[in-house]
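**Q** Encoded as structure tokens, here's the structure I'll be asking about.
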Amino acid sequence: MRIDVVTIFPDYLAALDLSLVGKARRAGLLDLRVHDLREWTTDRHRTVDDTPFGGGAGMVMRPDVWGRALDDLMLETSAPTVPAAGDDVARGAHLVVPTPAGEVFTQRRAEELATEEHLVLACGRYEGIDARVAEHYRSAGHRVSELSIGDYVLNGGEVAALVMVEAVGRLLPGVVGNPHSLVEESHGAAGLLEYPVYTKPPRWEDREVPEVLLSGHHARIERWRRDQALERTAARRPDMVAALDPELLDRHDREVLAGLGWQVVGGAADGPDGRRSSARLERVAE
Ligand code: 6GU
């Protein structure tokens, strides 16, 4: 995969030389290039921003500078196509614009982006990038995603770009040494947070590792971990419990969840006019 990151602070992305992502780059699994937006300015002061039309605080990044940068980088790979009948995937660069006003970047979004051949990340600063930039590349047939990493405000897109490159990079084949690590983790297919983990020593500060983990009894360990994942998710992320597909829950899961105040409702002929409503989890009043 190729990823281009465009920023006025290329040094911010130096961390991408380190750890797993750095290793993936050196192994040739990830062709990551960081660019200084000011390379595409034409004036003596290398200006990238101007005052907002309509007034208001702060500065807005100019579309002409961004357009020159993105035209150069987005067209270095194939021209965009929508997936036609018989064609398997959309082609051409996918433009990602980190912004607190974007849709939320989730593990599902990371998985989606990991299937692309070419990502271009446009890091805005100040009050953001002139809105015509995203519109223009969308009209030209590129996939364009404006994405936020969470409900808080950063000073620019650089830290979000770091987050996105790491989350996407580790999903590329060969980047994570043991692909099994990707299966059971939080925000995976199970829709649960990961269970707590322990290592040596078995006793530390008067605290023992849960007995079951030392038992060698695989089925019991698996069940205990599943219960812990359910408990943790119910305590920390009730929104994730509400989104669980009841089809993925066995009887024991349902008992554990019932003990935590969650019940499977619907799924029978209990909808309006006796129609079948889809089963879902609901919080029951205590
Ligand atoms: Cl992607 N950018 C900025 N500036 N702030 C954010 C963000 C992105 N995601 C959450 N806050």
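The values are calculated or read from the model by the stated rules, or taken from the named source; none is laboratory data. Remember, it's a predicted structure, so these values are computed and weren't measured experimentally. Every residue, glycine among them, receives a Cβ derived from its backbone with ideal geometry; neighbour counts consider all protein chains shown. Remember, those area values only see protein heavy atoms, side chains included, never the ligands or the DNA or RNA. Shrake-Rupley method; radii C 1.70, N 1.55, O 1.52, S 1.80 Å.
**Q** Are any residues in region 159-181 touching a residue at least 12 places away in the same chain (Cβ under 8 Å) and either loosely packed, with under 13 Cβ neighbours inside 10 Å or small (Gly, Ala, Ser) (or both), and if so, which ones?
**A** Answer for region 159-181, where residues must be touching a residue at least 12 places away in the same chain (Cβ under 8 Å) and either loosely packed, with under 13 Cβ neighbours inside 10 Å or small (Gly, Ala, Ser) (or both): Ala160, Ala161, Ala167, Gly169, Pro173, Gly174.
**Q** State all residues of region 108-155 that are at positive phi and touching a residue at least 60 places away in the same chain (Cβ under 8 Å); if no residue qualifies, say none.
**A** Within region 108-155, Tyr126, Gly128, Gly141 meet the criteria.
**Q** Where in region 190-286 are the helices (runs of 4 or more DSSP H), entirely inside, with at least 3 residues that are open to solvent by 80 Å² or more (accessible area, probe 1.4 Å)?
**A** Passing ranges, in order: 218-236, 251-259.
**Q** Okay, next question. The conditions are (1) open to solvent by 70 Å² or more (accessible area, probe 1.4 Å); (2) within 22 Å of Arg68 (Cα to Cα); (3) within 16 Å of the chain's Cα centre (by Cα), and His136 fails exactly one of them. Which is it?
**A** Going through (1) open to solvent by 70 Å² or more (accessible area, probe 1.4 Å); (2) within 22 Å of Arg68 (Cα to Cα); (3) within 16 Å of the chain's Cα centre (by Cα) one by one, His136 breaks only (3).
**Q** For region 129-160, name all the residues that are within 8 Å of the ligand (Cβ to nearest atom) and touching a strand residue (DSSP E or B) at 6+ places or on another chain (Cβ under 9 Å).
**A** Residues satisfying the conditions are Leu147, Ser148, Ile149, Gly150, Asp151, Tyr152, Val153, Leu154, Gly156, Gly157, Val159, Ala160.
**Q** Within region 105-119, is there a residue that is within 16 Å of the ligand (Cβ to nearest atom), among the basic types (Lys, Arg) and either buried (at least 17 other Cβ atoms within 10 Å of the Cβ) or under 23 Å from Leu29 (Cα atoms) (or both)?
**A** yes
**Q** Tell me, which helices (runs of 4 or more DSSP H) lie completely within region 87-172 with 1 or more residues that are at pLDDT 95 or above and within 17 Å of Val60 (Cα to Cα)?
**A** 132-139, 158-169
**Q** Condition check: more than 16 Å from the ligand (Cβ to nearest atom), at positive phi and of a type outside the set (Asp, Glu). Does Gly191 satisfy that?
**A** When the stated conditions are applied, Gly191 passes them.
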